[in-house]
Every structure is written in structure tokens, then in C-alpha cells.
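Have a look at the structure below, then the notes.
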Amino acid sequence: QVQLVESGGGLVQAGGSLRLSCAASGRTISRYTMGWFRQAPGKERDFVAAIRWTDTYYADSVKGRFTVSRDNAKNTVNLQMNSLKPEDTAVYYCATASSLIVQMRGQDLYDYWGQGTQVTVSS
């Protein structure tokens, strides 16, 4: 049974930083694609970032501000979020997929999801 548990969300002022973590059990994340997605109120869930082996992928809206990384020893994937904006407010989810997927943004390709963590950025 694969489980993903996100943590690190909270309330922060615009321009601030947060670091999200996603702890995995039942799957060695270094062998899989790990993705971050977010869903703002009233909007569809969108791709944020992904990491596969040593390659990282980002949505244009977060490129240069967010950094995805992996701690293999802890079997954890992290999302460092800097220069946060009110439009970054959303529930953030981590997810895992096969390392063979081509389209990192394809939500249907991810087979396990965490429960989500709320990030709120005040102006």
C-alpha cells in the first residue's frame, strides 16, 4: 500500500517562503516520478512541478520561484516555494507515477496521491 503524506502548508505573507514535504511509504520514490499539483478554490487542479531521477520540471507560473527536490534517505520529496504570491494560494498535492511517463503534467498518469496541504498567501 502506497501512502503519501504532505506537510508544511500554512499562512504566509506575499513575498514569503514555505517548504512543503511529502513523505512516502510503500514505494521507493527515487525509482518513480514524483509530482506536485495544486488546486485553487473554484479552479481545476494544475501541475506545479515534478522530479524524475535528476530531472526537474516546472509550470511556467512557478519557474524560478519554486524548487522541487528529493531526499532519498528519508524517502521524501520537497517543494521549496519562494517569493510567494496570493495567486499561489491553493491546496497542494503530491503524487507519484511510473518513471516511464512522458507527460509530467498528465494527472491521469499519477497513480497515488496525498491528501493535500493548504497554502494561503495573504497580500
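The values are calculated or read from the model by the stated rules, or taken from the named source; none is laboratory data. Everything numeric in this text was worked out from a predicted model, so none of it was measured. Don't worry about glycine lacking a Cβ; one is built from the backbone with ideal geometry, like all the others, and counts go over all protein chains shown. Just the protein is used for accessible areas: all its heavy atoms, side chains included, with ligands, DNA and RNA removed. Shrake-Rupley method; radii C 1.70, N 1.55, O 1.52, S 1.80 Å.
For the stretch 69-117, a/c is not less than 1.5, where a ≥ b ≥ c are the root eigenvalues of the C-alpha gyration tensor, and a/b does not top b/c. That puts it in the oblate class.
Across the chain, Cα pairs under 8 Å and at least six residues apart give a relative contact order of 36 percent. Of the residues GLY42, GLY64, GLY16, the one that moves most in a GNM of the chain with alpha-carbon contacts below 10 Å is GLY42. In terms of accessible area, using a 1.4 Å probe and ignoring ligands and nucleic acids, GLU87, GLU44 rank largest first as GLU44, GLU87.
Here the stretch 1-53 exposes an accessible surface that is 44 percent carbon and sulfur, computed with a 1.4 Å probe and the other protein chains kept in place. Electrostatic bookkeeping for ALA49 treats Lys and Arg as +1 and Asp and Glu as -1; over the other residues with beta carbon under 15 Å from its beta carbon, the sum is +3. Diffusion of the chain by Stokes-Einstein, at 37 °C in a medium of 0.692 mPa s and with Rh set to the Kirkwood radius over alpha-carbon pairs, works out to 232 µm²/s. Solvent exposure of the stretch 23-90 amounts to 50 Å² per residue of accessible area, where only protein heavy atoms count and the probe is 1.4 Å.
So if I place +1 on the C-beta of Lys and Arg and -1 on the C-beta of Asp and Glu, and nothing else carries charge, what would the dipole magnitude of the chain be about its Cα centre? I want it in debye, nearest 20. About 220 debye. Rolling a 1.4 angstrom probe over the stretch 54-123 with all protein chains present gives an accessible area of which 48% lies on carbon and sulfur atoms. Annotation note: chymotrypsin sites (Phe, Trp or Tyr not before Pro) in the stretch 1-54 located in DSSP loop regions with a Cβ neighbour count of at most 13 within 10 Å are TRP53. Restricting the trypsin sites (Lys or Arg not before Pro) of the stretch 1-64 to loop positions (DSSP other than H, G, I, E, B) with no more than 15 neighbouring Cβ atoms within 10 Å leaves LYS43, LYS63.
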